[in-house]
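Presented below is the structure to which this report refers.
What follows is calculated from the coordinates using simple rules that are stated; it is not laboratory data. Remember, it's a predicted structure, so these values are computed and weren't measured experimentally. Heads up, the Cβs are rebuilt from the backbone with ideal geometry, glycines too, and the neighbour counts pull from every protein chain shown.
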Amino acid sequence: MKTTPIYGIMAEFDSATALVEAARKTHDAGYRKIDAYSPFPVEELAEAIGFHTNRVALVTLIGAIIGGLSGYLMQYWMAAVDYPVNVAGRPDHSWPSFIVITFELTILFGGISAVLGMLALNGLPMPYHPVFNVPRFAMATKDRFFLIVFSTDPKYKPAEVRQFLESLQPRSISEVPS
Amino acid sequence: MTDRMEQVEIAGGKAPVIEPGFTFGTVTDKISSIVLTRPTSTGWFVGFGVAFLVTMMLLFALGYLFVKGTGIWGINIPIGWGFAIVNFVWWIGIGHAGTLISAILLLLRQSWRNSINRFAEAMTLFAVACAGIFPLVHTGRPWLAYWLFPYPNTMQYWPQFRSPLLWDVFAVSTYFTISLLFWFIGLIPDLATLRDRSENPWAQRIYGLLAMGWRGSARHWHRYESAYLLLAGLATPLVLSVHTVVSFDFAIAIVPGWHTTIFPPYFVAGAIYSGFAMVLMLAIPIRKLYGLEGFITDRHLQNSAKVMLATGWIVAYGYGIEAFMGWYGGDRYDAFTLWNRLHGPYAPVYFALLICNIGIPQTLWIRKLRTSPLGLFLVSTVILVGMWLERFVIVVMSLHRDFLTSSWGMYYPTRWDWMTYLGTIGMFLAAMFLFVRILPMISIFEMRTLLPEAEVKAE
């Protein structure tokens with residue numbers, strides 16, 4: 001008998017339309033642990049697999065607020081508390097001069113949070129992933145579209161899943177070894 | 001939806017954003033083959049070789065500068081800023097078009113940007129890198145440049161946050177960082193494509209490492225799109241702020257010709273003006289040499305020409321207001337600055353600037369010129385020269401005759417000034433040569449979204 005654990009069963013499609021339709025049907029059939037792969041962003045796809053909200057915007061907002069606050073407080077503390085220098089009688093806490101750097105640090109921290117947040121939430125970098133074991137998956141970055149049902153899905157039964165995916169008329173079906 | 005609309009417009013007589021007949025596969029192959037399979041041409045080696053030699057000249061000029069100090073340049077009191085600041089402002093302005101194309105046009109849903117944003121962003125990075133050299137070496141002791149950053153130190157001091165020069169340090173370093181991030185996350189899906197297409201094991205490893213295991217999952221794309229849009233939203237005010245802050249370096253000072261409120265908008269418009277000129281100067285030969293006319297079409301050239309025409313008029317308005325204020329403001333020093341521009345020793349530079357930036361670009365009103373690559377290339381060259389002259393006028397002509405006649409002077413660049421300036425052009429070109437050879441110069445995944453079959457049809 002087979003001993004390699006199976007990560008999931010994967011079906012290959014020719015077009016974005018076919019993939020979105022298949023993903024919708026799979027989700028409607030009650031499969032929840034599924035994912036879809038496309039060579040470019042397809043707006044409808046995330047919704048079709050039941051993924052509606054992401055937290056990138058929240059992470060970015062938090063980063064931007066931290067950046068702005070730390071930028072202003074840093075300048076206040078350095079220029080008015082720790083090292084006050086009298087420049088032509090201007091107040092130590094001359095806030096209009098501090099706006100530019102506050103703004104720049106807001107953008108800097110917000111931008112870095114957006115990128116690192118996106119990568120972290122996506123679990124990247126992850127050079128190895130079971131789906132790469134499927135030779136045809138190399139086409140996912142060119143012109144093919146893939147749908148996978150993970151073996152962790154509560155409804156997962158290999159024969160049933162395979163039969164269901166076949167009913168979606170894919171181009172090919174492959175087992176993904178873990 | 002707009003993407004698809006533009007496909008339809010082909011019939012209406014407008015040049016298309018992407019030539020009809022491409023598929024996901026052919027778009028991918030066409031762009032990735034330039035990097036992966038196309039043999040490196042002799043022309044590339046010659047071009048890169050020349051640019052590399054000019055870069056070596058830059059290193060030589062900088063090496064001598066480090067030995068002797070800034071005395072080898074033409075700067076002296078009263079003109080302490082000279083070429084270093086002229087070139088800094090010129091280069092950083094050129095960078096602005098890249099961010100405008102990648103961020104602002106993305107937010108405005110101008111999908112024609114998809115085929116030029118990648119190399120325009122690369123251009124931004126290299127231009128900002130060239131720009132960064134100048135203030136660094138102009139400090140005189142560049143090995144102490146880290147003193148500009150607020151870090152705890154044994155001297156027990158902090159930088160002076162009320163100085164626009166320090167604002168500039170933050171603005172430019174933030175700009176470089178955000179541009180780099182924007183460029184890099186745009187590259188991730190394409191690096192995955194190169195990883196999967198490449199047959200060379202080393203290329204697979206390097207691209208694979210950089211792609212970080214990107215696999216195009218729908219969840220990943222969803223977060224990716226959010227991050228990309230947010231970054232564009234953050235980069236938009238940033239790009240407007242960078243040249244604004246650069247202009248504060250001048251406008252906050254009381255030197256006649258600098259102390260004016262028109263500077264921020266006029267600097268930003270000038271930056272985009274010169275940036276688009278540089279985009280065209282790069283795009284026209286690149287699309288010709290690599291046969292990319294199907295992706296960078298006449299539509300792109302025309303649109304860029306229109307942006308130049310519009311920003312050129314904002315710049316012209318800036319010159320007009322400067323002159324008007326010199327006359328109407330009633331300040332004798334400002335009035336003298338105007339007189340000095342028209343009749344002083346540097347007057348030919350001022351008139352050359354007017355011809356290059358206002359006169360010759362008006363030919364862009366002619367439709368025939370906007371569709372002629374050679375014509376656009378020449379006009380772009382003129383604009384780049386003109387914008388450089390503008391910065392020369394601002395920096396040198398304001399400083400050389402200010403309040404006291406006893407402290408007037410003249411500025412003559414030395415051969416070291418020229419070697420440093422031309423050297424950065426060589427460095428910029430060498431970096432561009434490397435970029436088109438080792439990375440996809442057009443965003444492959446964004447080009448795929450322009451194709452009609454990228455649309456999901458309703459059942």
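Miscellaneous remarks
- Going from the fewest other Cβ atoms within 10 Å to the most, the residues A:Thr102, B:Thr424, B:Thr371 appear in the order B:Thr371, A:Thr102, B:Thr424.
- Residues of type lysines that B:Lys306 reaches as a straight line, Cα spacing below 28 Å, ignoring anything fewer than 8 places off in the same chain: B:Lys14, B:Lys288, B:Lys368
- Per residue of A:133-142, other chain Cβ atoms within 10 Å of the residue Cβ number 5 on average.
- Computed E for A:Glu43/B:Leu289 - FRET, C-beta separation, R0 41 angstrom, nearest 0.05: 0.70
- Cα centroid separation - segment B:22-79 against segment B:166-195, whole Å: 19 Å
- Once the Cβ-Cβ distance of B:Trp327 and B:Thr139 is raised to the sixth power relative to R0 = 30 Å, the FRET efficiency obtained is 0.20.
- The angle between the Cα long axis of helix B:373-392 and the longest principal axis of the Cα atoms of chain B comes to about 30 degrees, rounded to the nearest 10.
- Angle between chain B longest axis and helix B:24-36 axis [Cα atoms, degrees, rounded to 10]: 50 degrees
- Comparing Cα centroids, segment A:103-178 and segment B:370-391 end up 47 angstrom apart.
- Chain A - mean residue ellipticity at 222 nm from DSSP helices (-39,500 (n - 2.57) per run, n ≥ 4, rounded to 500): -14000 deg cm²/dmol
- Per-residue ³J(HN,Hα) for segment B:236-246, Karplus 6.51 cos²θ - 1.76 cosθ + 1.60, θ = phi - 60°, Hz, x for Gly and Pro: 5, x, 4, 5, 5, 7, 5, 6, 4, 5, 4
- Note on B:Trp44 and A:Ala29: their simple-model spin labels are 4.6 nm apart, each label 7 Å out from Cα toward Cβ.
- Relative to the current alpha-carbon distance between B:Tyr317 and B:Phe66, full extension at 0.36 nm per residue lengthens the span by 86.3 nm.
- Candidate membrane-span-like segments in chain A, meaning DSSP H helices with Cα atoms spread over at least 24 Å of their own axis and a Kyte-Doolittle mean of 1.0 or above, are A:56-76, A:95-121, with no membrane implied.
- Förster radius 41 Å - calculated FRET efficiency between B:Ser33 and B:Ala310, Cβ distance, rounded to 0.05: 0.65
- Label sites at B:Ser407 and B:Ile355, each approximated as a point 7 angstrom past Cα along Cα to Cβ, lie 3.5 nm apart.
- Inter-label distance, B:Glu199 to B:Ile254: 7.2 nm, where each label sits 7 Å from its Cα along the C-beta direction.
- 0 to 90° range, to nearest 10: angle between helix B:117-138 axis and chain B longest Cα axis: 30 degrees
- Largest GNM mean-square fluctuation across A:Leu73, A:Leu116, A:Leu19, computed for chain A with C-alpha springs under 10 Å, falls on A:Leu73.
- Here B:Ser115, A:Ser70 are placed in order of increasing Cβ neighbour count within 10 Å, fewest first, which gives A:Ser70, B:Ser115.
- With helices as the sole contributors, chain B gives -22000 deg cm²/dmol at 222 nm; each DSSP H run of n ≥ 4 counts as -39500 (n - 2.57), and the sum is divided by every residue.
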